[in-house]
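The structure under discussion appears below in the form of structure tokens.
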Amino acid sequence: MRAFITSSLLFLPIAAFSASDPDSSFYKHAAEAGISEVELGQLAEAKGAKQNVRDFAAMMVKDHGAANDKLKSIAAGKGIDLPTSASLGEMATKTKLNMLSANSFDAGYIKSQLKAHRQAIALFSKEATSGRDAEAKAFASATLPTLKTHLEAIRGIASGAGISEAQKSNGASAGAS
């Protein structure tokens, strides 16, 4: 019983911090999505069948890698510990994509990127308009144009591959980018 009370008391400050910091969710989800984008990009650079898919993947590694570094810098300055891995859902997407080959991989990756970038734009838009942390808000605002460019690029690739945004991703979907 004493151990339960002690462990409960140790948890309270963490719970209080999370509840008092409305931007903590943004930091967590942005970090996880950014990590996922880099990992999926590296996978697509290696497994992509079409050059435009590999080129898009290289852009994801470069752009999301740079955004991840910026987010880490902001978080470090505030003493915020960011996740060091993608979310469980994003890891599942990577596992599913890794089992695919050639054109099946390309289609799955394209679909996952459509979904991930729509989610990322929603996350970053919300932070840019209603975040309370000035640096997180500025980071979100500065990153949004790049995310929108990525969405337009993957929409073009999807269109060329005959993939509509309305198509379901057959389980190979990622979280926010």
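Every number in this text was worked out from the coordinates using simple rules, so none of it is lab data. Just so it is clear, the model here is predicted, and its values are computed rather than measured. Counting neighbours? That spans all protein chains shown, and the Cβs are built from the backbone with ideal geometry, glycine included.
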Worksheet item: By the gyration tensor of its Cα atoms, with a ≥ b ≥ c the square roots of the eigenvalues, what is the shape of segment 23-160: rounded for a/c under 1.5, prolate for a/b over b/c, or oblate?
Response: prolate
Worksheet entry | Neighbourhood charge, 13 Å Cβ-Cβ cut-off, centred on Ser36 and excluding it, Lys, Arg +1 and Asp, Glu -1 | 0
Worksheet item: What is the local net charge at Gly48, summed over the other residues whose Cβ is closer than 15 Å to its Cβ (Lys, Arg +1; Asp, Glu -1)?
Response: 0
Discussion item. For Ser36, Ser125, which order do you get if you count the other beta carbons within 10 Å of each Cβ and list the fewest first?
Written reply: Ser125, Ser36
